[in-house]
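The values are calculated or read from the model by the stated rules, or taken from the named source; none is laboratory data. These numbers were taken from a predicted model, which means no experiment stands behind them. Reconstructed Cβ throughout: ideal geometry from the backbone, glycine too, with neighbour counts over all protein chains shown. Each accessible area value is taken on the protein alone, full model and side chains, heavy atoms only, with ligands, DNA and RNA left out. Shrake-Rupley method; radii C 1.70, N 1.55, O 1.52, S 1.80 Å.
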Amino acid sequence: SAASATSSGSLAFTHTTIPIPVCALCNRVSAVLQAPCCGKLYVCRLCHDAEENHQMDRFKVREVQCSACLTVQQTQQTCQQCHLLFGEYYCDICHLFDKDKKQYHCQPCGICRIGPREKYFHCEKCNLCLAQDLQGNHKCVENVSRQNCPVCMEDIHTSRIGAHVLPCGHLLHKTCFDDMIRTGAYRCPLCMHSACDMQNHWKEIDKEIAQSPMPTEYQGAMVKIMCNDCQAHCTVPFHVLGMKCTSCGSYNTAQDGGLIQLQQPEQNMEPQQHDQQ
């Protein structure tokens with residue numbers, strides 16, 4: 001192996017027998033990991049997993065190679081030969097080297113998370129770390145982080161992208177949540193519960209319905225609905241702009257069956273009198 005400086009001052013690796021691909025997301029090249037599964041050298045587990053047909057178990061890594069002096073040694077934070085600091089942060093459980101981002105290792109989660117630690121707590125039922133302001137203030141869903149993001153279908157638990165907790169308790173990537181709201185989607189992809197506070201939007205729909213009466217043939221028409229927010233079943237006036245739940249006031253409802261046309265009261269008609277000739 002050899003390491004040489006490029007014109008930009010960064011390190012470029014060459015290896016006579018084992019290539020060392022550099023992950024586009026990885027900004028750490030002070031040490032490379034020796035994969036316990038295949039013995040190859042990679043900057044990080046993501047580099048390995050992208051190139052190989054198997055995954056690297058980060059917890060079984062035992063040796064690293066210094067990118068400066070090329071000494072292969074046991075995993076540690078500083079090179080035993082040239083004393084190069086491999087990373088400002090080092091976890092001897094995950095074998096993670098990184099810049100200091102106030103990381104901490106969460107034992108129940110089994111991985112390192114970006115902190116600082118005092119701003120987060122581990123919810124035992126949800127089985128993940130959440131912001132302190134959510135302690136006692138969120139709906140727990142058992143092992144929720146072990147599910148994939150329902151938008152992109154990628155892993156949430158070990159993702160580098162932050163997770164967003166919906167009012168219903170389900171999780172999705174923060175970036176996926178932002179994209180979803182930007183496109184006008186406001187329901188949880190899993191349970192259809194409103195994904196954010198919609199009270200102001202419901203008030204706007206109230207105004208629009210008040211200003212947009214239905215045609216005569218639909219006036220008085222009713223419909224059965226089910227509310228996705230409170231699960232109530234009720235019968236409400238039909239309107240193309242939305243059907244409002246009488247229980248919680250939400251317009252996040254689903255029609256259950258066809259229109260119910262109320263019978264108009266019969267008008268009393270006096271029989272016509274005809275003169276008898």
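Between LYS139 and ALA68, the distance separating the two model label sites (each 7 Å from Cα on the Cα→Cβ line) works out to 5.4 nm.
Working out 0.36 nm times the residue gap between THR183 and ASN148, then minus their Cα-Cα distance, what length gain in nm do you get to one decimal? Please list the in-between numbers first.
Numbers: separation 35, 0.36 × 35 = 12.60 nm, distance 2.11 nm.
Fully extending the segment from THR183 to ASN148 adds 10.5 nm.
Subtracting the Cα-Cα distance of GLU52 and SER212 from their residue separation scaled by 0.36 nm leaves 51.5 nm. Distance from the alpha carbon centroid of region 115-151 to that of region 156-195 works out to 14 angstrom. Heavy-atom accessible surface of ASP57, to the nearest 10 Å², is about 60 Å², with a 1.4 Å probe and all protein chains retained. For THR75, the residues whose modelled amide H falls within less than 5 Å of its own, excluding neighbours fewer than 5 places apart on the same chain, are GLU63, VAL64. With contacts taken as Cα pairs under 8 Å at a separation of at least 6 residues, region 132-218 carries a relative contact order of 20 percent. Each of ARG117 and GLU204 was given a label point 7 Å from its Cα along the Cα-to-Cβ line. The distance between the two points is 4.5 nm. Residue-normalised convex hull volume from the C-alpha trace of region 100-190: 97 Å³ per residue. Straight-line reach from LYS203: taking Cα to Cα under 18 Å and skipping same-chain neighbours fewer than 8 places apart, the lysines in range are LYS244. Candidate cross-link partners of LYS40 among the lysines, defined by an alpha-carbon separation under 26 Å and a same-chain spacing of 8 or more, comprise LYS60, LYS99.
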